[in-house]
Amino acid sequence: MKHLLMNSQKNEFARRRFVQLAASSFLGVRAGSCLAFNNGQALAETDTSEATSRNHPAKQLIYLFMAGGMSHIDTFDLKPGHENQGLTRPINTAVDGIRVSSHLPNLARHAGNLCVVNSLTSTAGDHEKGNYFMHTSYEQRATIRHPGLGAWAQTTHGKLNPTMPGSVFIGKESRFHGSGGFFEPEFEPLAISEPKLGLKYSHRNVQLDRFARRRRLASDLDSEFLERYHSKPIRAYGDMYEDAVRLMESDDLEAFNIHREDKASKERYGDDPFGQGCLLARRLIESNVRTVEVSYTGWDTHTDNFTAMPLLCGTMDRAVGALLDDLERLGKLDSTAVVLTTEFGRTPITNQNRGRDHFPKAFTSILAGGGFKAGYVYGKTSKGAEEVDENPVTIPDFNATIAHAMGIPIKKELFSPTGRPFTVAHKGKPVMDLFS
């Protein structure tokens, strides 16, 4: 009897914990968010929203963030023969004129799908500011949180699958990922730190009729409070419960379970958090989640850069190569914008510890699918990769390009709780040469 009671208590905790996690992650409902919305009137739209000029915008976004500062000269912008190159060697790819690091054989094979932007330039040279700037196009401020691209996509187009969250973040470092910012709570991404664990505490362990009775009781207990405080942020809690329950009862919940994949599929992506995160991202895209971000930390190579590169690049190469393979096989690549980026590059000149330091002046990011040109290189750095020589792309311009790919109106203004207007990419303009 004691054993049955303990099991019952354990199951009840698991259910409560899932709803708790859903409150803080699935819809981003937090005590602070309720205070920040001026009685639910924070989100307002001007009459200046523009129609997208793209006939067939990308429906979904996979955003792969190399946290720590990925070295451009050791990945996609090699300078063979220059003293800055160091030990990293280039290999030819499937496309004439595109060379990548020898540590990236799978991406070399996929060069025909890649749009390589070698001329990014930023003004933010530390991790927090660089990460935030890359995700939002705005400088970090203590008084406001700006929304990321996933939240903007959801406000523009809504969810593709009403049962699933609109956006999902996968990774351990979630502090500066593309959040919902000052938008309403439902635009906050669901955060998953361990891809192998999926969506924890999400399975119902009691009979349906008992579960329904408990929900009715909770609704009765909450009714007086909801009647007294009838604001949109407060109502978001009730919406969260309904969304969480709907997902618990749906077959879509299985999308979060990467163990449904066969052994060969899991091995293709790699048995590491980033590889398994990319596998989970593919499953979520299949289930029509609008945007998925996967973060891969460890690129801050101040020491022993050339020792770290084979492992970092190998992990990234295996996972992203498998992801592109599967998106092509599923017919999803054309309708999904894939972005591989970082907060800044690394110094072309190595330091005394054989490492590379922070370098926002010039770096590389990769685009694929989603209507971008394929097998294409845009921009050029100097002979030693220290300066942008041709076609500089600012961070707001880069984000405006992604937004345009997804059919998000660049000039559309939404208001913060203090009444200030903001756009998806600040003052950025799309780089139209990057589109096919």
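Bear in mind that the values in this text are calculations on the coordinates, not laboratory data. Please read all numbers here as calculations on a predicted model, not as lab measurements. Methodologically, a virtual Cβ is constructed for each residue, glycine included, from the backbone with ideal geometry; neighbour enumeration extends over all protein chains shown.
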| task | Answer rounded, prolate or oblate for the range 353-420, using the Cα gyration tensor with square roots of eigenvalues a ≥ b ≥ c: rounded when a/c is under 1.5, else prolate when a/b is larger than b/c, else oblate. | result | oblate
| Roughly what would the spin-label model give for residue 306 and residue 228, points 7 Å off Cα along C-beta, in nm? | 6.9 nm
| query | Using a basic spin-label model with each label point 7 Å from the Cα along Cα→Cβ, how many nm lie between residue 143 and residue 217? | reply | 4.8 nm
| said: Along the Cα→Cβ direction, 7 angstrom out, place labels at residue 334 and residue 197. What is the inter-label distance in nm? | reply: 4.0 nm
| said: Can you give me the C-alpha center-to-center distance between the range 411-436 and the range 120-180, rounded to a whole angstrom? | reply: 13 Å
| request: Just rank 134, 248, fewest to most, by other beta-carbon atoms within 10 angstrom. | output: 248, 134
